[in-house]
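I have placed the structure first, in the form of structure tokens, so that the comments after it can refer back to it.
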Amino acid sequence: MKKLVLPVVIVVAVMAFGLSGALATPQSTPGVTATTVDIGGTFPFSGPASLYASIPKGMSAYFSYINARKGTDGKRGVYGRQIHFTALDDGYVPANAVQLTRQLVEQNHVFALVGGLGTDNQTAVRDYLNQMKVPQLFVSTGATTFDADHGKYPWTIGWQPTYHAEGAAYANYLNNHDKGAKVAVLYQNDGYGHDYLDSFQAALKNKNQVVDAEAYEVTAPSVQSQVVKLAGTGADTFVIFATPTATIQALVIAYKIGWHPKLYVNSVSATDTFLTLATNAAGSAAAVNGAITDQYLKDPGDPTQRKDPGIKLYFRIMNKYGPAGARLTDILYLYGMAKARTFVTALYAAGKNPTRASLMNAVNHLNEQNPFLLKGVSIHTSPEDPYPICNDELVQWNNGAFSAKTGLIKGC
Amino acid sequence: MRTRAGILAVAAIVLIVLPRFLSDYHSYQFSLVGIYFIALLGLNILTGYSGQISLGHGAFMAVGAYTTAILTVNHGWRDLWTIPLAGLVAGAAGLLFGLPALRLAGVYLALATFALPIALASLEKHFRAFTGGGTGLILHLPHSELGFHTSPSRWLYYLTWCIAAVLFACAWLFVRGRTGRALRSLHFSEVAAASSGVNVAAFKTLAFGVSAFYAGIAGSLLALAVAFVNPDTFPLSLSILLLTGLVVAGLGSLTGIFFGAFFIEFVPIWSQNVSQNAPSVVYGLILIALLLVFPTGAAGLLAKLFGLLRRTGL
């Protein structure tokens with residue numbers, strides 16, 4: 001018994017020493033120094049959604065431009081601070097997003113998370129970021145909850161028009177122009193897909209209009225069985241709420257099995273790049289022609305928009321700071337650039353000595369005319385209205401170009 | 001015996017003091033080491049001692065993790081109480097699996113366990129209302145309790161390693177004496193074991209149950225650590241990772257397990273730092289090199305070191 005006294009005393013003393021030192025010391029403003037601002041985000045550079053990697057590349061290009069040019073105050077960057085943007089690859093897997101976001105906050109000590117991609121990915125990190133009081137800004141997903149639940153998660157905000165608004169826009173178009181359509185829906189079996197589907201169905205006047213809705217898993221290699229089943233229902237309208245790879249597959253399969261329905265393709269997959277890929281894969285423009293989708297951004301793939309100052313600026317920045325050999329007609333680069341511009345606007349508004357709180361305050365009082373958005377679409381937030389972009393319009397794809405089908409629709 | 005106690009004492013002191021010198025993030029990483037440590041303790045009893053290969057132990061971790069997640073998120077339970085319950089639920093699952101597994105041996109058992117994580121992932125996605133489906137369940141960050149005031153990461157570190165220490169002691173008691181000998185005899189020859197009066201079926205099933213219990217507790221702690229549970233959190237690669245950790249530790253030995261846990265947490269991260277494009281290749285190379293040089297794992301290495309020390313009269 002005596003022999004144990006000394007070891008026990010040592011252990012207790014060491015425990016007291018160890019535990020007392022384990023209290024965390026908070027940092028003044030993480031991620032901000034006199035000359036730099038550190039921000040980060042997780043994006044799918046690999047995996048089933050890797051076609052979205054253009055978004056962080058567009059963001060990086062814009063930040064490089066801001067870092068190099070002299071602003072109105074004569075300083076480069078934002079108030080003389082260079083923006084360092086760390087984009088990490090989560091492979092579109094929520095568990096990875098959690099791990100990497102933690103790393104960005106606790107190891108890289110970023111000032112804010114900007115533009116993180118993926119409905120389920122950003123939902124998975126939302127609680128953590130709000131508990132740690134780290135801004136989760138302008139998430140790259142239209143899931144309605146990021147704006148709708150801004151009151152509950154005040155450090156989180158979206159950017160693009162919500163899927164709710166988009167699903168409802170398609171439904172309203174059908175209500176007004178195609179009441180008798182028999183609709184088949186393909187949707188991704190996760191938060192993103194369900195958000196679109198539920199909003200779409202809720203806004204349809206004729207509740208029996210959807211004859212069948214088939215889900216597919218993100219990790220599924222093919223959507224063939226779902227498309228074949230949908231074609232078998234005899235529907236004349238095909239609505240696709242899927243990410244790019246699955247959308248392209250669905251369009252090609254539908255064409256190849258001889259099903260030629262009227263097409264509605266969600267905006268995340270209906271860019272010039274993806275629709276052209278589908279056309280080439282199917283071997284015919286008829287596979288994709290007539291597809292209706294939703295737009296709020298200008299389109300670098302549209303030759304008639306080339307003279308637009310915003311598009312000119314886009315090409316100038318991408319040619320100088322974008323990745324070598326990039327396909328500049330990919331609208332996702334423009335999307336990233338537009339989002340980066342909104343962040344820079346907010347960072348300026350956060351003041352010469354920004355804090356996370358002052359940044360969120362700026363984000364809650366945004367009023368931006370963004371040169372990369374369609375005319376009439378602006379970015380506006382207030383504490384009562386946390387939806388940055390509310391307006392969009394329905395456009396139709398035909399032989400490589402979009403044409404407007406409706407005027408601007410107000411989504412919120 | 002004395003040197004062993006000495007080593008354990010030193011290890012305990014190091015673990016207690018470590019967070020003082022570590023950032024929050026590194027404390028969090030060491031909590032994950034602790035979680036893998038607990039899982040490996042369990043897997044060691046199953047594969048190292050009783051010789052039943054399990055390529056699906058991540059599934060038992062998932063059972064424990066989902067138990068904790070569902071109880072805390074859907075039913076508002078306090079997270080600490082869910083940990084032992086998660087272990088029990090996973091242990092029951094292990095016993096249930098152990099019974100039909102009696103009919104299988106060797107490669108066929110490995111294949112059957114391989115199916116576990118895959119089947120479980122499908123079940124998790126199917127019962128969406130219960131498990132949150134693909135989107136999963138989001139937990140609150142662990143808050144320091146019981147009168148301590150510290151950051152979530154450091155609280156998690158102490159919670160994990162305290163539980164790990166207790167379970168280590170339990171594992172040590174479990175494998176010394178009759179039970180340990182019975183399990184080891186199963187590994188060498190079931191026929192000889194049966195003829196020596198060992199109830200082969202009972203011990204094999206018990207091994208599954210106990211190892212699943214450990215995995216369940218590890219899974220529960222992992223759910224609290226990551227604060228997020230969905231079918232992707234427990235992929236097939238996790239089960240393979242655990243087996244890798246066990247082999248690096250040295251099969252059938254308790255002493256090397258810390259190194260196994262340390263290896264599977266940090267070496268993949270270091271591989272990413274070495275090569276952004278092919279981290280798996282780097283990881284694989286390190287693993288192969290390690291096993292070529294130390295085929296009996298960390299435990300073998302330690303034994304050699306101490307043999308060396310003893311011979312030189314220290």
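The values are calculated or read from the model by the stated rules, or taken from the named source; none is laboratory data. Keep in mind it's a predicted model, so treat the numbers as computed, not measured. Note that we place each Cβ from the backbone using ideal geometry, even for glycine, and neighbour counts take in every protein chain shown.
What the table below lists for this structure:
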| item | result |
| --- | --- |
| Hits in segment A:170-194 - residues which are more than 14 Å from chain B (Cβ to nearest Cβ) and touching a helix residue (DSSP H, G or I) at 6+ places or on another chain (Cβ under 8 Å) | A:TYR170, A:ALA171, A:ASN172, A:ASN175, A:ALA181, A:VAL183, A:ALA184, A:VAL185, A:LEU186 |
| Subset of segment A:250-279 [small (Gly, Ala, Ser) and more than 24 Å from A:ASP330 (Cβ to Cβ)] | A:GLY258 |
| Where B:SER27 falls short, out of the listed (1) assigned to a helix (DSSP H, G or I); (2) under 17 Å from the mean Cα position of the chain (by Cα); (3) buried (at least 24 other Cβ atoms within 10 Å of the Cβ) | (2) |
| Test: B:ARG154 is loosely packed, with under 14 Cβ neighbours inside 10 Å and closer than 30 Å to B:ILE7 by Cα | no |
| Matching residues, segment A:68-92, being within 14 Å of chain B (Cβ to nearest Cβ), touching a Ser or Thr at 6+ places or on another chain (Cβ under 9 Å) and not small (Gly, Ala, Ser) | A:LEU88, A:ASP89, A:ASP90, A:TYR92 |
| Residue in segment B:38-51 that is under 30 Å from B:GLY132 (Cα atoms) and either within 13 Å of chain A (Cβ to nearest Cβ) or touching a strand residue (DSSP E or B) at 6+ places or on another chain (Cβ under 7 Å) (or both) present | no |
| Answer from A:ASP236, A:ASP308, A:ASP272 - the residue that is in contact (Cβ under 8 Å) with a residue 60 or more places away in the chain and charged (D, E, K, R) | A:ASP272 |
| In segment A:256-315, residue modelled with the lowest pLDDT [restricted to those that are touching a Lys or Arg at 6+ places or on another chain (Cβ under 8 Å) and polar (S, T, N, Q)] | A:THR273 |
| Filter result for B:CYS170 (away from chain A (no Cβ under 14 Å) and either without any contact (Cβ under 8 Å) to a residue 24 or more places away in the chain or not in a helix (DSSP H, G or I) (or both)) | yes |
| Test result for B:LEU246, surrounded by 21 or more Cβ atoms within 10 Å (Cβ to Cβ), under 25 Å from B:LEU290 (Cβ atoms) and away from every other protein chain (no Cβ under 14 Å) | yes |
| Members of segment A:101-117 that are in a helix (DSSP H, G or I), more than 9 Å from chain B (Cβ to nearest Cβ) and either touching a helix residue (DSSP H, G or I) at 6+ places or on another chain (Cβ under 7 Å) or surrounded by fewer than 24 Cβ atoms within 10 Å (Cβ to Cβ) (or both) | A:THR101 |
| Looking only at segment A:289-332, and only at residues there that are under 23 Å from A:VAL268 (Cβ atoms) and among the basic types (Lys, Arg), the one that is surrounded by the fewest Cβ atoms within 10 Å (Cβ to Cβ) | A:ARG327 |
| Options B:LEU71, B:LEU43, B:LEU55, B:LEU32: the member that is outside any helix (DSSP H, G or I) and either touching a residue at least 12 places away in the same chain (Cβ under 8 Å) or touching a Pro at 6+ places or on another chain (Cβ under 9 Å) (or both) | B:LEU55 |
| Counted residues, segment B:249-281 - those being surrounded by 20 or more Cβ atoms within 10 Å (Cβ to Cβ) and within 14 Å of chain A (Cβ to nearest Cβ) | 1 |
| Matching residues, segment B:131-160, being assigned to a helix (DSSP H, G or I) and away from chain A (no Cβ under 11 Å) | B:THR131, B:LEU156, B:LEU159, B:THR160 |
| Entirely in segment A:208-322, the strands (runs of 3 or more DSSP E) that have 1 or more residues that are among the polar types (S, T, N, Q) and in contact with a Phe, Trp or Tyr (Cβ under 8 Å, 6 or more places away or on another chain) | A:237-241, A:292-295 |
| Residue list for segment B:130-149, restricted to those being at negative phi and free of Cβ contacts under 8 Å to residues at least 60 places away in the same chain | B:HIS143, B:SER144, B:PHE148, B:HIS149 |
